[in-house]
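The values are calculated or read from the model by the stated rules, or taken from the named source; none is laboratory data. What you see is a predicted model; the values in this text were computed from it and never measured. Here the Cβ positions follow ideal geometry from the backbone for every residue, glycine too, while neighbour counts run over all protein chains shown. The protein model used for the area step is the full one, side chains on, heavy atoms only, and it has no ligands, DNA or RNA in it. Shrake-Rupley method; radii C 1.70, N 1.55, O 1.52, S 1.80 Å.
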Amino acid sequence: MNQEDLLTPRQFFLITFFFIMGSAILFIPSIMAATAKNDAWLATILGVILGLVLNWFYYKMYLHFQGKNLVEIFDDTFGKWIGKFCTINLIIFLIYLNSMIIRGIGDFLSTQFLKETPMEVSILLLICIVIYGYRQGITNIGRSIEVFLPTMVILYLLGVVLVTPKSDFTKLLPLLENGVKPLLNGAFSIFNFPFTEMVILLMIIPFVSDQKNLKKPLLLGTLLGGAGLFFPVFFGITVFGPDLLANQVYATYTLAKKLEIPHVFERIEVILAIIWLLSIYYKVQICYFVLIRCVKYLFSLEDESKILLPVGWTLFGSSMELADTNVYFFTFNAAIWPFYAMTFGLALPILIFFVSSFKAKITKKRGMKQNDKN
């Protein structure tokens with residue numbers, strides 16, 4: 001791996017941050033309001049804490065396997081054949097994940113901005129940009145995030161400042177009106193989307209140039225990404241109330257429509273939409289990068305350039321056929337996808353931990369017996 005193909009810890013921090021924000025910034029407020037009602041902001045805090053714990057676990061797992069990426073961890077833990085089976089399933093998972101995000105962008109653009117443009121055109125254009133981005137390398141992806149970051153932070157903070165006067169903080173009360181169950185359901189929702197999806201960053205971590213400085217950018221990126229999701233949930237409730245917020249498809253975008261400084265700043269939602277589109281694009285780019293790397297590893301390819309277009313066409317077709325209607329698409333996201341994501345983001349890492357610990361104990365016992373014989 002050349003130095004030119006590596007990420008700095010700062011770039012890895014930004015990738016972690018934008019991966020969390022990604023498509024979640026558009027959909028999380030309505031999902032949280034539907035599950036936790038006016039306690040959604042508390043559930044978000046709890047979900048972010050759980051996400052931090054999960055990423056700390058990923059970090060420890062990465063250290064345990066001494067710098068191996070996720071698919072190499074599969075082979076090391078389960079052996080060649082079961083490991084390849086896990087890699088195939090990870091590829092299927094990544095195709096679903098990429099397709100969902102791409103379809104989400106297509107729906108958003110076709111319903112809010114490019115109403116006369118077929119969704120297929122928007123999706124095809126996005127895939128072409130993602131393929132081009134992959135060809136430029138992971139380092140240039142990280143550099144491009146650094147370029148856009150200041151503008152995106154300023155626009156985000158501007159939105160927070162402008163929405164505060166429109167907030168009614170009494171809508172946050174009463175706390176825990178329906179008990180603890182809605183709070184836990186809400187925390188479960190945000191924990192699964194997007195935090196369990198972050199398991200795929202185990203394919204990105206080996207590209208960080210300073211392997212001794214991984215914990216801080218990973219956990220700090222998780223914390224700030226979670227904070228970026230918290231404010232749309234918090235202000236969504238204080239502006240709309242939990243019931244109205246739960247019925248908004250693109251809750252954060254609808255919230256942004258409320259923002260303006262008369263005769264100075266109007267239609268700010270269009271400007272803020274740039275934040276969401278860029279953060280979603282970077283999440284797609286990261287997922288596509290990991291997908292290509294998994295396919296390359298599975299088939300032991302020397303040059304992955306020949307599979308870029310076929311994988312891109314696969315994502316185009318799967319994103320178009322993922323759902324017949326937006327209602328089905330959002331229902332799938334809220335009710336089915338979290339459990340599917342949890343199998344890769346939580347169940348499989350825990351299984352890897354127990355299997356690797358069991359193998360380590362057996363190896364240790366064999367070593368002790370061998371020493372006794374000697």
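Some notes on this structure:
- A single entry from S99, S144, S110 fulfils the requirement of being assigned to a helix (DSSP H, G or I), surrounded by 13 or more Cβ atoms within 10 Å (Cβ to Cβ), at pLDDT below 90 and polar (S, T, N, Q): S110.
- All positions within the range 240-263 that are hydrophobic (A, V, I, L, M, F, W, C) and more than 25 Å from I105 (Cα to Cα): I261
- Of all the criteria given as (1) part of a helix (DSSP H, G or I); (2) farther than 24 Å from I82 by Cα; (3) at pLDDT below 80, the one not satisfied by L308 is (3).
- Just so you know, in the range 166-221 the residues that are farther than 19 Å from V233 by Cβ and among the basic types (K, R) include one that is modelled with the lowest pLDDT, and it is K212.
- Residue in the range 179-198 that is in contact (Cβ under 8 Å) with a residue 12 or more places away in the chain, farther than 27 Å from L42 by Cβ and open to solvent by less than 20 Å² (accessible area, probe 1.4 Å) present: no
- In this structure, L63 qualifies as within 19 Å of F207 (Cβ to Cβ), free of Cβ contacts under 8 Å to residues at least 12 places away in the same chain and aliphatic (A, V, I, L, M).
- Pairs linking a residue in the range 133-160 that is farther than 15 Å from V284 by Cα to a residue that is among the small types (G, A, S) and open to solvent by less than 20 Å² (accessible area, probe 1.4 Å), with Cβ atoms under 7 Å and 6 or more positions apart or on different chains, are G159/A256.
- The range 37-72, residues that are of a type in the set (S, T, Y) and within 18 Å of F353 (Cα to Cα): Y58, Y59, Y62
- Looking across G104, G133, G83, G159, one residue alone is under 30 Å from K361 (Cβ atoms), part of a helix (DSSP H, G or I) and of a type outside the set (A, V, I, L, M, F, W, C). It is G83.
- Considering residues of the range 5-29 that are among the polar types (S, T, N, Q) and part of a helix (DSSP H, G or I) only, the residue farthest from A43 (Cα to Cα): Q11
- Residue match in the range 218-241 (condition: polar (S, T, N, Q), open to solvent by 10 Å² or more (accessible area, probe 1.4 Å) and touching a residue at least 24 places away in the same chain (Cβ under 8 Å)): no
- Conditions (1) buried (at least 20 other Cβ atoms within 10 Å of the Cβ); (2) outside any helix (DSSP H, G or I); number of the one not met by L126: (2)
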